[in-house]
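In what follows, a structure is listed as C-alpha cells, so that the remarks can point back to it.
What follows draws every value from the coordinates through simple rules; no lab data is involved. Quantities reported herein were computed from a predicted structural model and do not represent experimental measurements. A quick note on method: Cβ atoms are made from the backbone with ideal geometry, for glycine too, and the neighbour counts reach across all protein chains shown.
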Amino acid sequence: MQQLLNKLNSIRPLSPELQLHLKDKIKYKEYPKGSFLLEPGQVCENICFIQQGLVRVYYENADIEICPWLLIEGDIAISVVSYFNQVSSFEFIQALEDTIVYYITYDELEFIYDKFPEFNFVGRKLLQHYYALESKRLFSILGKSADARYAYLLEFYAHLILRIAGKHQAAYLGMDPATFSRIKAKYLREQKLFFFLVILVALLGLTFG
C-alpha cells in the first residue's frame, strides 16, 4: 500500500488524517493470471491500483478484440464508463500475469471526495493524466499505417513487449494478428540487415584502417 500512498503524495501531499483514512479503507486482492477483474454486464465498483502484475482492458466488437489499455505496476485500472456512471460494463479487465491490486470502492471514494476536499485535486490530476495518455495513443494509432503503429509500440512500450502476447499487442494497436505478425517479421528482418551492415562496416574499417 505504501507504493500507492507514495504515488498519491507525489501529486499533492496528503494530510495525516486522509492517509489514515485511506489505509483503513483501501483493500488488497490477488488475481491469478488469466482471471478477470471485471466482465461485461458487471458494474465496475472498484478503482484498482496495480501493485504488481499486468492487466489489459478490452472489449469485443464482431468477434474482434479492441484493447484500449495495457496497464502495469503503478497504473490505475478501471472501466471508465462503467465506473464513473455506475452502469453495466461492456469491457473486460483481465490479468495477463499474476496480479496484486489495492482497491477502493466507488462509494468510499465519493465519501472521501466529500469529507476530504484536498483529495479532489489528486483525483483530477489522475484523470487528466490518463485522459492525456489515451489521447496520445489514439493520435498515434488512428489513421496511421500499420508500420507507424508498430513503431509507436516500440518507442513507448518496448519494456512490455516480452510480457505481452503478440495477439494482445495487435489488439492494442488496432490490427488483426496476421497483419501484426507480418509487420513484426518485417521489422526483425530490417534489424538483422542493419546489424549486418554495421558489422560489415566495422570489419571493413579494421581491414583498410
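Listed values, structure above:
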| read-out | value |
| --- | --- |
| Full-stretch length increase - ASP63, PHE90 - with 0.36 nm per residue and alpha-carbon distance subtracted | 8.4 nm |
| 37 °C / 0.692 mPa s Stokes-Einstein diffusion coefficient of region 64-173, Kirkwood radius on C-alpha pairs, µm²/s | 204 µm²/s |
| The chain, relative contact order in percent, only Cα pairs under 8 angstrom and at least six apart counted | 21 percent |
| Trypsin sites (Lys or Arg not before Pro) restricted to DSSP loop in region 2-36 with at most 12 other C-beta within 10 Å | LYS33 |
| Two-site FRET efficiency, ALA178 against VAL81, from Cβ-Cβ distance with R₀ of 35 Å, rounded to 0.05 | 0.70 |
| Residues in region 91-108 reached by a label modelled at SER35 [backbone nitrogen below 13 Å; 7 Å Cα→Cβ] | 94-102 |
| DSSP H segments from the chain that extend 24 Å or more along their own axis, Cα-based, with Kyte-Doolittle mean of 0.5 or above | 177-208 |
| Region 27-67-region 95-114 distance, computed between alpha-carbon centres (Å) | 12 Å |
| Principal axis dimensions, largest first and in whole angstrom, of region 1-121 by Cα | 49, 28, 20 |
| Gained length - ASN9 relative to SER135, 0.36 nm times residue gap less alpha-carbon distance | 42.8 nm |
| Neighbour cut-off at most 14 other Cβ (10 Å), DSSP loop, chymotrypsin sites (Phe, Trp or Tyr not before Pro), region 37-97 | PHE90 |
| Reported label for calculated Rg and Dmax of the Cα atoms in Å given [x] 18.2, 62; [y] 21.1, 76; [z] 27.3, 103 | [y] |
